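Take a look at the structure below.
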Ligand code: T6T
């Protein structure tokens, strides 16, 4: 595959790489295997495709229809079996169970970059899993802390709140739950936290679980939805119960639905991640690695935009709402 000429010029200008290494980078082919079909990963795919176009690299994308090891592993195995991929950029759907299948990909000669979720404890220098080139994604523990402080503020620092999440052992949502609970325990002694319940990344399940918690806990004043479907399901349950504005929702992920629920006064805070950046940079990292770059950071935190009703119309903030053309 051909590399973009400006990229080659920039790399060559650093005098870090030889002509032979540039030729190697020009030949790479990347597999992109995100976690599931959702607006977050659709935006990430836009970033992957933009970088691939800019650098003249071929990318093969396959997206599991549902979240889980049983859905992601066979797709990964098929990507390995193709025999033509040099790198796989992936969001492992379980921090332990995806280690062996991804190690098998590495053993077959494919280098791994993880985006959004990590393997092991995410410390690829000193941690138990160190074979991926890098983790590029959010600091989800910090995102959970920000969510906790936002929800505490929205409910006046007291009452019962509930966490609706996707699955255990997923680095992203696990970090969010951890950061959220840590702040509530340390900073807000008058807030009681229920959950997490796990919806297996199923919107209907998230809605049903939240409806049941609302029913059983008349003192509920807040919900933390830890991802797209958790927040959307929770928000819908709050609306259906006629409690919009009374039960405050904090939504991780900046979807159009979350924005609509903010307009209705149901969602008080939205945490936008930067999936486009994750995808774009992961492709750049693959190209740089192929070109002989040896000092790529093993962890890159892409940051957040924290959206509330006061800043949502600011274009500098609104640009982080997940926009998928045609959707
Ligand atoms: O929140 C994102 C992602 O960060 C998480 O790992 C899984 O769920 C999403 O894709 C949103 O649905």
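Any read-out appearing in this document is the output of simple, stated calculations on the displayed coordinates, not a laboratory observation. Please read all numbers here as calculations on a predicted model, not as lab measurements. Backbone-built Cβ (ideal geometry, glycine too); neighbour counts: all protein chains shown.
Tabulated values for the structure
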read-out: Segment 170-300: Cα Rg divided by the 2.2 N^0.38 Å rule of thumb; value: 1.27
read-out: R0 of 45 Å, Cβ-Cβ distance residue 324-residue 296: FRET efficiency to nearest 0.05; value: 0.95
read-out: Rounded tilt (10° steps) of 275-290 against the dominant C-alpha axis of the chain; value: 20
read-out: Computed helical MRE - 222 nm, the chain, DSSP H runs ≥ 4 contributing -39500 (n - 2.57), nearest 500; value: -13500 deg cm²/dmol
read-out: Extension reserve of the residue 71-residue 37 stretch, reckoned as 0.36 nm per residue once the Cα distance is removed; value: 11.1 nm
read-out: Share of alpha-carbon pairs per 20 Å distance bin for the chain, given as whole %; value: 33, 53, 14, 0
read-out: Segment residue 104-residue 125, extension gain: residue separation times 0.36 nm, minus the distance between their alpha carbons; value: 5.6 nm
read-out: Rounded tilt (10° steps) of 171-187 against the dominant C-alpha axis of the chain; value: 40
read-out: Degrees between helix 203-216 axis and first principal axis of the chain (Cα, 0 to 90, nearest 10); value: 30
read-out: Rounded FRET efficiency, nearest 0.05, which uses the C-beta distance separating residue 58 from residue 314 and R0 of 41 Å; value: 0.60
read-out: Choice from 222, 127, 179 showing the highest fluctuation, given a GNM over the chain with Cα pairs closer than 10 Å; value: 127
read-out: Semi-axes of the equivalent ellipsoid for segment 260-324, Cα gyration tensor, largest first, Å; value: 34, 10, 9
read-out: Extension gain from residue 204 to residue 81, taking 0.36 nm per residue of separation minus the Cα-Cα distance; value: 40.8 nm
read-out: Cα-based equivalent ellipsoid of segment 84-175: semi-axis lengths in Å, sorted from largest, via gyration tensor; value: 33, 12, 10
read-out: Cα gyration tensor, segment 139-208 - rounded (a/c under 1.5), prolate or oblate; value: oblate
read-out: Equivalent-ellipsoid semi-axes of segment 25-132, from the Cα gyration tensor, Å, largest first; value: 20, 17, 14
